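Peer 1: Below is one structure. I have some questions about it.
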Amino acid sequence: MSINKFHQSIRVSLANESLQDALDANAERRVNGRIAALATLPDWRKRRQRAHAVRADVIANLDQYLNKFTAKVTQNGTIIHLAKDASDAVKIVLEVIEVSSRTRREQEEYDKKLYPSSDFYLAQVKAL
């Protein structure tokens, strides 16, 4: 769809009274549902403040939480791939796809080159 057709479609939708009524009714239904759900929690304000505090803490300490998570899942045998940007992430995904399509022997040889001192990882691969 071209940008002109997209903008034209937006104008048509905005001019459609039935669509606007349906969207308004949907928004009102969601707001009323949220209000009703909150009314069932006697301490919803406290919970909301706690949720904001947790979110702020996670954002402020994201590196620490990420390092802790990475260490734990690596300890459990999971391989973690960290990308510095979107381009790096694409490269990693493509490499994982390539690796997953190799035969077991090819994979073991590749792993020995990639992780020459990682006996733990090689044991995990052989256990598969």
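Readers should treat all values here as calculations from the given coordinates under stated rules, not as data from a laboratory. Computed from a predicted structure; not experimentally measured. Cβ sites come from the backbone with ideal geometry, for glycine too, and all protein chains shown count toward neighbours.
Peer 1: When the dipole is taken about the Cα centre of the chain, and only Lys, Arg (+1) and Asp, Glu (-1) are charged at their Cβ, what size is it in debye, to the nearest 20?
Peer 2: I would put it at about 460 debye.
Peer 1: Additional query: Pick from ASN26, ASN67, ASN16: which residue has the top mean-square fluctuation in a GNM of the chain where Cα pairs under 10 Å get a spring?
Peer 2: ASN16
Peer 1: Figure the gain on full extension for ALA53 and ALA71 (residue separation times 0.36 nm, minus the Cα-Cα span) and round it to one decimal in nm.
Peer 2: Additional length available on full extension: 4.0 nm.
Peer 1: With equal scatterers on the alpha carbons only and no solvent term, can you work out the Debye log10 of I(q)/I(0) for segment 1-83 at 0.23, 0.24 1/Å?
Peer 2: Those come out to -1.07, -1.13, one per q.
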